[in-house]
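> Got a structure for you, questions after.
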Number of protein chains: 2
Amino acid sequence: MIVDMVRRSDSRVRMISAARQLFREHGYRGTALVDVIAASEAPRGSMYFHFPGGKEELAGEVILAHGTTVIAQINRAAASTDSAAELIAAFLGHYRDDIADSGYRQGCAVTPIVIEVTPASEALSAMTRQAFGDAITILTARLEEKSIDREHAKELAVNTLVAMEGALILSRALRSRQPFDAAIAALTASA
Amino acid sequence: MIVDMVRRSDSRVRMISAARQLFREHGYRGTALVDVIAASEAPRGSMYFHFPGGKEELAGEVILAHGTTVIAQINRAAASTDSAAELIAAFLGHYRDDIADSGYRQGCAVTPIVIEVTPASEALSAMTRQAFGDAITILTARLEEKSIDREHAKELAVNTLVAMEGALILSRALRSRQPFDAAIAALTASA
């Protein structure tokens with residue numbers, strides 16, 4: 001019984017994780033549910049069991065999962081650094097190395113959802129909005145803790161997330177770390 | 001004869017323009033060729049006449065068309081301003097107003113191509129790379145003409161285009177001009 005429940009929840013988590021990876025490389029519409037099932041090695045019939053709302057519900061879970069990792073990355077960068085400038089360099093440096101390590105194949109999992117299905121999908125519009133709002137809130141708080149005043153911390157947080165999303169696109173197009181390095185240089189100078 | 005040629009070239013231009021609008025709202029894979037034909041009011045059989053390479057060839061033309069308008073926008077902003085800071089504010093301000101005017105529905109036409117089909121499509125990878133490279137080159141030149149030294153001009157150009165792409169995503173998700181305003185404040189201070 002317990003083994004069954006673990007397996008069941010396992011296959012749900014694996015499907016979300018597989019979808020997240022596929023969205024990062026091929027976008028939302030470029031990811032077929034059959035590919036998610038194959039990549040997660042889940043039983044074929046389990047997709048609509050775990051996600052009765054289909055691809056839109058799965059995408060909502062991808063937004064939650066990806067948003068959580070971004071917040072964890074902000075907190076990891078904050079815990080391992082002393083200044084606001086170091087925090088920003090560590091945070092953006094992580095995404096720079098991540099896209100380079102993927103051979104410039106994998107960007108943000110949430111960006112494709114924003115540009116392909118918002119505002120068309122009301123549910124996913126609300127969730128992407130909340131994901132970006134939460135990341136801004138947490139990054140602002142961590143910057144304030146490193147002695148940046150509230151107003152400047154909020155602006156710096158927005159600019160850091162703008163830079164992350166923009167640099168993921170330019171780095172992928174140019175196959176280069178340089179957009180991230182330029183953003184890190186400018187933002188750390190302004191911190 | 002001449003009227004025929006004009007009409008023929010007209011329908012090709014209209015198809016590129018319609019595809020560009022549709023990519024901005026629905027992405028690359030979210031845009032069906034049948035929708036491009038309907039939106040451009042082109043004869044149904046004319047798609048493969050004008051674009052024997054199909055959707056990939058049409059997307060290549062969208063990259064060229066969109067890249068050209070970005071360069072025109074850089075030059076327009078440069079011609080109407082005195083300083084590098086004013087140039088950057090005018091350039092980013094245009095895209096801020098543009099996405100707000102669309103009801104936060106229409107972003108960049110090239111971003112979906114980058115995140116959905118690069119590096120999978122070699123042809124489109126080369127074209128997106130060139131489009132971003134050209135925009136960086138032209139913006140660097142216009143900033144140098146406004147008395148920014150070469151090294152700083154290059155970094156500022158990259159950061160301005162990173163900010164444009166990132167702010168188009170965050171503005172659309174948050175349904176707000178604020179990501180653009182934060183980017184303009186930071187970049188004009190550093191110019």
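> Identify all residues within segment B:92-125 that are touching a residue at least 60 places away in the same chain (Cβ under 8 Å) and in contact with a Lys or Arg (Cβ under 6 Å, 6 or more places away or on another chain); write none if there are none.
Residues satisfying the conditions are B:Arg96, B:Ala100, B:Tyr104, B:Gln106, B:Gly107, B:Ala109, B:Glu116.
> Sticking with this structure for a sec: Consider only pairs whose beta carbons are under 8 Å apart and that are at least six residues apart or on different chains; among these, list those whose first residue lies in segment A:134-154 and is on the phi < 0 side of the Ramachandran plot and whose second residue is part of a helix (DSSP H, G or I) and acidic (Asp, Glu).
A:Arg150/A:Glu144; A:Ala153/A:Glu144
> Tell me yes or no: at least one residue of segment B:114-132 is of a type outside the set (Asp, Glu) and on the phi > 0 side of the Ramachandran plot. Walk me through how you get there before you give the answer.
Initial filter on segment B:114-132 (of a type outside the set (Asp, Glu)): B:114-115, B:117-121, B:123-132.
In the following step, the residues that additionally are on the phi > 0 side of the Ramachandran plot were identified as none.
Looking for residues that are of a type outside the set (Asp, Glu) and on the phi > 0 side of the Ramachandran plot, one finds none in segment B:114-132, hence no.
> Given the residues B:Gly45, B:Gly67, which is the only one that is of a type outside the set (Asp, Glu) and under 30 Å from B:Arg150 (Cβ atoms)?
Working: B:Gly45 fails: under 30 Å from B:Arg150 (Cβ atoms).
Just one listed residue meets the conditions, B:Gly67.
> Quick one: how many residues across segment B:165-181 are within 17 Å of the chain's Cα centre (by Cα), facing another protein chain (nearest Cβ under 7 Å) and of a type in the set (A, V, I, L, M)?
Pass one, segment B:165-181, residues within 17 Å of the chain's Cα centre (by Cα): B:165-172, B:180.
Then keep just the ones that are facing another protein chain (nearest Cβ under 7 Å); that gives B:165-167, B:169-170, B:172.
If we keep only those that are of a type in the set (A, V, I, L, M) too, we end up with B:167, B:169-170.
Looking only at that region, the number is 3.
> Kindly state which helices (runs of 4 or more DSSP H) lie completely within segment A:75-158 and contain at least 3 residues that are of a type in the set (Ser, Thr, Tyr) and within 12 Å of chain B (Cβ to nearest Cβ).
Values: elements: A:84-101, A:111-117, A:122-145.
Where helices (runs of 4 or more DSSP H) fall fully within segment A:75-158 and carry at least 3 residues being of a type in the set (Ser, Thr, Tyr) and within 12 Å of chain B (Cβ to nearest Cβ), they are A:122-145.
> To continue, here is another question. Is one or more of the residues making up segment B:138-146 surrounded by fewer than 20 Cβ atoms within 10 Å (Cβ to Cβ) and under 16 Å from the mean Cα position of the chain (by Cα)?
yes
> Sticking with this structure for a sec: Examine segment A:49-64 for a residue that is touching a helix residue (DSSP H, G or I) at 6+ places or on another chain (Cβ under 7 Å), part of a helix (DSSP H, G or I) and among the aromatic types (Phe, Trp, Tyr), and state whether such a residue exists.
no
Every read-out reported here was derived from the displayed coordinates using simple, explicitly stated rules and does not represent laboratory data. Worth saying up front: this structure is predicted, and the values here are computed from it rather than measured. For neighbour counting, all protein chains shown are included, and Cβ atoms are generated from backbone atoms with ideal geometry for every residue, glycine included.
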